[in-house]
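The values are calculated or read from the model by the stated rules, or taken from the named source; none is laboratory data. This is a predicted model, so every value here is computed, not measured. When we count neighbours, we look across all protein chains shown, and the Cβ atoms used for this are built from the backbone with ideal geometry, even at glycine.
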Amino acid sequence: MTQINKTNKKNDLAQQQRNFISDCLSGKLTTENTLMAPYIDSSSISAQGLMGIYQGNAIANITNSLSLTYPVIEKLVGQDFFKATCRQFILIHWPTSGNMDDYGAEFANFLAEFEHAKHLLYLKDVARLEWGFHQSSLSDDASVTDWSTLANVTDILQLHFILAPTVNLISSTFPIDKIWLLNQENTPSEDLADIDLGNDKNNQSDTLLLLFRQQLKTVILPVSQGEFSLLQAFDKGQPFELAIVGATNKQASFSVDDSLKKLIELGVVCGFIENN
Amino acid sequence: MNKIKGVGIGLRHRHFKEFIENKPDVPWLEVHTENFFSKDSTSSKYLANIRQNYEISAHCVGMSLGSATLSCPVREQHLQKIKQTIAWLQPAMVSDHLSWSASDGVHYLPDLLPIPYTEEAFEVVTQNINHVQDVLQRQLLVENPSSYLAFVDSTMLEWDFLANLSKITGCGLLLDVNNIFVSAHNHGFDALAYLESIPVEAVKEIHLAGYSIDTIEGQEIYIDTHGQKVYDGVWQLYEKAIERFGAVPTLIEWDTDVPELSVLLDEKRKADAIIVKVLNKQIA
């Protein structure tokens, strides 16, 4: 054990801990900028050397958490680039919760602005998809609804349909569902050349995705423009009538009966309320 | 009476299906409580299934018992989530570390950060443990940390700090033999003297894991990475621990680069053999 100094600085602990976190998350440590230097025994190893161990461990732990949430991004950019990108992200976005499942929501926007990655235009949307997938996997189950009571409703057009907590809606001008699928472990390898990663499709045929959970599996389901609009309207709490108008405007051939039946059977629409 | 006996294994995601389908012969499993905060999540559903066949110990990493800020919304929220998780998981034991992670309730590092062994820190940790035990309405086990630096204003030795915490708060101790070995190397203290200073009745669980070796400014530092097999020196220290504390429930921990389950089962069998060896020696 190192030599024990009997001088105890009362009420110093809170400041020490602020300094500790600052040293771990402020970037390169030097003799001049290591805030913990006055508090630690540096007789064998310098303060920046010792704090560097904690900085390395902290950044590795947070990177590991991001890697679990964004495995496809890691695969797309490669492990080394991913680590370097995470380091820059972490130094800007310090964790604020003890639950690391909450961490990383800003990663998609960061990638869009990160100078070494922003030319890869599809990365932001793939990251949004992965964050949505992560959220769907963690969400609560929906409570059980007795759908037979729907028959007693006087004006179905004024109903507000409720989406299951696991539902996430994501749109992109890139084929992000295919990119995601091709980067899963169990997907047979196909030719990536089939996927156009370079060009925005000018909204002609956007990828519209519904994410939700069925038992132990999180599902990524492409949906039509009408369905996507209907789901967005439900998500905003709009009444059924307004949701139908919006969906039909987006897709003239949209069949609300077929879609609603499908969405209820899938558990995506999990209930309704009569008054907002 | 403790429902957990023998040598258990830390349950990790890649082994979920194997525990559900093959039900390997392991007396108990330990989980990181924070990975199951959402009761309906996919991971929690797997765990609920596994729980039907195995006793569980809930090992927490984020209560931040050493945080100087005694009460803050972020930490209280975290504690409430632990309480909710424990309510459905019904673990036989609940533990966390003699360390901190949250500063001012604003920033958080997912790591087990060291505290100075001062009177102020002792007061802080005592109040935090009392609060946690009040909220959870059960005994908490507190794990000794591994550390890479020493504070110049420490006035107590780590083992005395832990022994006194146990005495004052009634918490149990989770003795991580690998952490003692790692810290003994990094700080140059006698690991056996550490073991001998810990009150026998306080130790409710033992952890075993692997460490990695790094070189900083020409000095060899052991880092507690939980990514390797248990080293020979740690096995030898474990044998001394079993001699002193008896057949305390023991856990094989592996957190990074988690291997196939068979590797962990081999490590478990080594621990089993040491317990049998020590007990036979004591009977003879």
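For the range A:108-121, give me the residue count where each residue is aromatic (F, W, Y) and either touching a strand residue (DSSP E or B) at 6+ places or on another chain (Cβ under 7 Å) or loosely packed, with under 14 Cβ neighbours inside 10 Å (or both). Before the answer, list the steps.
Restricting attention to the range A:108-121, the residues satisfying the condition of being aromatic (F, W, Y) are A:110, A:114.
Keeping just the survivors that are either touching a strand residue (DSSP E or B) at 6+ places or on another chain (Cβ under 7 Å) or loosely packed, with under 14 Cβ neighbours inside 10 Å (or both) gives none.
Total satisfying the criteria: 0.
Of everything listed in (1) closer than 26 Å to B:L11 by Cβ; (2) surrounded by 20 or more Cβ atoms within 10 Å (Cβ to Cβ), the single unmet condition for B:A184 is (1). Listed by first and then second residue, the pairs with beta-carbon distance under 9 Å, at least 6 apart or on different chains, first residue in the range A:262-276 and on the phi > 0 side of the Ramachandran plot and hydroxyl-bearing (S, T, Y), second surrounded by fewer than 18 Cβ atoms within 10 Å (Cβ to Cβ) and part of a strand (DSSP E or B), form an empty list.
So, A:G78, is that one of a type in the set (G, A, S), surrounded by fewer than 18 Cβ atoms within 10 Å (Cβ to Cβ) and either within 19 Å of B:N35 (Cβ to Cβ) or more than 8 Å from chain B (Cβ to nearest Cβ) (or both) or not? In short, yes.
Got a sec? Which of B:L89, B:L98 is crowded, with 18+ Cβ neighbours inside 10 Å, more than 7 Å from chain A (Cβ to nearest Cβ), under 20 Å from B:F161 (Cβ atoms) and among the aliphatic types (A, V, I, L, M)?
Working: B:L89 fails: under 20 Å from B:F161 (Cβ atoms).
Answer to the check: B:L98.
Note on the range A:94-113: residues that are more than 14 Å from chain B (Cβ to nearest Cβ) and modelled with pLDDT under 95 amount to 0. The set of residues in the range A:24-37 being modelled with pLDDT under 95, assigned to a helix (DSSP H, G or I) and more than 7 Å from every other protein chain (Cβ to nearest Cβ) consists of A:L25 alone.
A quick yes/no check of all residues on (1) out of contact with any Leu (no Cβ under 7 Å at 6 or more places or on another chain); (2) surrounded by fewer than 19 Cβ atoms within 10 Å (Cβ to Cβ); (3) in contact (Cβ under 8 Å) with a residue 60 or more places away in the chain:
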| residue | (1), (2), (3) |
| --- | --- |
| A:T85 | yes, no, no |
| A:Q88 | yes, yes, no |
| A:G98 | yes, no, no |
| A:Y103 | yes, no, no |
| A:E106 | yes, yes, no |
| A:L123 | no, no, no |
| A:S143 | yes, yes, yes |
| A:T149 | yes, yes, no |
| A:I179 | yes, no, yes |
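Among the residues of the range B:25-42, is any surrounded by fewer than 18 Cβ atoms within 10 Å (Cβ to Cβ) and under 22 Å from B:D176 (Cβ atoms)? Yes, the range B:25-42 has at least one match. Being small (G, A, S), out of contact with any Gly (no Cβ under 8 Å at 6 or more places or on another chain) and without any contact (Cβ under 8 Å) to a residue 12 or more places away in the chain holds for only one residue in B:A68, B:A92, B:A150, B:A87, and it is B:A87.
Does A:Q16 satisfy the criteria of being touching a residue at least 12 places away in the same chain (Cβ under 8 Å), at the interface with chain B (Cβ under 8 Å from one of its Cβ atoms) and either of a type outside the set (A, V, I, L, M, F, W, C) or not in a helix (DSSP H, G or I) (or both)? For A:Q16, the condition - touching a residue at least 12 places away in the same chain (Cβ under 8 Å), at the interface with chain B (Cβ under 8 Å from one of its Cβ atoms) and either of a type outside the set (A, V, I, L, M, F, W, C) or not in a helix (DSSP H, G or I) (or both) - is met.
Assess whether A:A47 counts as being in contact with a Cys (Cβ under 6 Å, 6 or more places away or on another chain), surrounded by 14 or more Cβ atoms within 10 Å (Cβ to Cβ) and within 9 Å of chain B (Cβ to nearest Cβ). Write out each step before concluding.
Details: in contact with a Cys (Cβ under 6 Å, 6 or more places away or on another chain): no; surrounded by 14 or more Cβ atoms within 10 Å (Cβ to Cβ): yes; within 9 Å of chain B (Cβ to nearest Cβ): yes.
So A:A47 does not fit the description; no.
Of the residues that make up the range B:45-54, is at least one under 29 Å from B:H107 (Cβ atoms), modelled with pLDDT of 95 or more and among the polar types (S, T, N, Q)? Looking for residues that are under 29 Å from B:H107 (Cβ atoms), modelled with pLDDT of 95 or more and among the polar types (S, T, N, Q), one finds none in the range B:45-54, hence no. For the range B:30-42, name all the residues that are at the interface with chain A (Cβ under 7 Å from one of its Cβ atoms) and acidic (D, E). Answer for the range B:30-42, where residues must be at the interface with chain A (Cβ under 7 Å from one of its Cβ atoms) and acidic (D, E): B:E34, B:D40.
Can you name every residue in the range B:192-235 that is in a loop (DSSP other than H, G, I, E, B), more than 10 Å from every other protein chain (Cβ to nearest Cβ) and touching a Ser or Thr at 6+ places or on another chain (Cβ under 8 Å)? Write out each step before concluding.
Let us first name the residues in the range B:192-235 that are in a loop (DSSP other than H, G, I, E, B), namely B:198-199, B:209-211, B:217-218, B:224-231.
Remaining after also requiring more than 10 Å from every other protein chain (Cβ to nearest Cβ): B:198-199, B:209-211, B:226-231.
Result: B:P199, B:G210, B:Y211, B:H226, B:G227, B:Q228.
Restricting to the range B:43-63, and then to whatever is within 14 Å of chain A (Cβ to nearest Cβ) and assigned to a loop (DSSP other than H, G, I, E, B), can you tell me which residue is surrounded by the most Cβ atoms within 10 Å (Cβ to Cβ)? Here the answer is B:M63.
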